[in-house]
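To start, the structure itself, in structure tokens.
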């Protein structure tokens with residue numbers, strides 16, 4: 001069953017790469033909104049964490065943050081199709097980096113980027129790796145096939161993984 005799931009996911013990601021970005025983004029937002037309505041362990045964890053981190057916010061405010069989180073996370077998963085299977089040109093057209101560090105400067109020192117894996121960091125790193133040599137360090141996923149796919153697709157623009 002895991003093999004079938006992997007191939008279905010791979011097919012879905014490849015199909016998403018063929019669609020216009022605006023459609024993928026809207027689908028991710030809609031699916032995230034729908035998934036938030038379903039009681040789940042993940043939803044419970046998000047709401048508990050928000051309550052612990054923001055005790056002064058109202059339940060309504062924390063609920064709004066949780067809903068936005070679900071939309072952004074699900075959207076980022078659907079965007080992986082474009083990130084992993086879209087062209088370098090497509091990624092360059094879709095992503096804009098606003099950095100205080102000029103990494104194109106020839107005498108720039110080595111730079112370490114650290115970020116959370118939830119939303120946006122992956123495509124930003126892929127954009128940098130299409131222009132400059134980079135290396136990535138990450139915790140492997142429990143699904144070995146998916147981990148190898150992610151490693152291969154993330155590294156297709158000259159990125160080394162450790």
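The values are calculated or read from the model by the stated rules, or taken from the named source; none is laboratory data. What you see is a predicted model, and the numbers here were worked out from it, not measured in a lab. Ideal geometry is used to build each Cβ from the backbone, glycine not excepted, and the neighbour counts take in all protein chains shown.
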Here the qualifying pairs (Cβ atoms under 9 Å; residues six or more apart or on different chains; first in segment 132-147 and in contact (Cβ under 8 Å) with a residue 40 or more places away in the chain; second surrounded by fewer than 12 Cβ atoms within 10 Å (Cβ to Cβ)) come out as 143/2; 145/2; 145/3
Which of the helices (runs of 4 or more DSSP H) found entirely inside segment 1-65 contain at least 3 residues meeting this: within 25 Å of residue 152 (Cβ to Cβ) and under 18 Å from the mean Cα position of the chain (by Cα)? 2-18, 21-37
Would you be able to say whether some residue in segment 85-93 is in a loop (DSSP other than H, G, I, E, B) and modelled with pLDDT under 90? yes
Looking only at segment 129-148, count how many residues are touching a helix residue (DSSP H, G or I) at 6+ places or on another chain (Cβ under 7 Å) and under 17 Å from residue 86 (Cβ atoms). 1
Can you tell me which residues in segment 1-17 are in contact with a helix residue (DSSP H, G or I) (Cβ under 8 Å, 6 or more places away or on another chain) and either closer than 13 Å to residue 84 by Cα or free of Cβ contacts under 8 Å to residues at least 40 places away in the same chain (or both)? 9, 10, 12, 13, 14, 15, 16, 17
Can you tell me which residues in segment 18-41 are out of contact with any helix residue (DSSP H, G or I) (no Cβ under 7 Å at 6 or more places or on another chain) and under 14 Å from residue 78 (Cα atoms)? 18, 19, 20, 22, 23, 26, 30
Please go through segment 146-159 and pick out each residue that is assigned to a loop (DSSP other than H, G, I, E, B) and either buried (at least 16 other Cβ atoms within 10 Å of the Cβ) or modelled with pLDDT of 75 or more (or both). 155, 156, 157
Identify, from the list 31, 16, the residue that is surrounded by 12 or more Cβ atoms within 10 Å (Cβ to Cβ), at pLDDT 95 or above and closer than 22 Å to residue 147 by Cα. 16
Go through (1) under 21 Å from residue 148 (Cα atoms); (2) over 15 Å from the mean Cα position of the chain (by Cα) one by one and return the number of the condition residue 78 breaks. (2)
Among all residue pairs at least 6 apart or on different chains, which show Cβ distances below 7 Å where the first residue, located in segment 84-100, is over 18 Å from residue 15 (Cβ atoms) and the second is in a loop (DSSP other than H, G, I, E, B)? 88/157
Please go through (1) assigned to a helix (DSSP H, G or I); (2) at pLDDT 80 or above; (3) touching a helix residue (DSSP H, G or I) at 6+ places or on another chain (Cβ under 6 Å) for residue 123 and return the number of the only condition it doesn't satisfy. (2)
Sole exception among (1) over 13 Å from the mean Cα position of the chain (by Cα); (2) at pLDDT below 80; (3) under 27 Å from residue 7 (Cβ atoms) for residue 162, by number: (3)
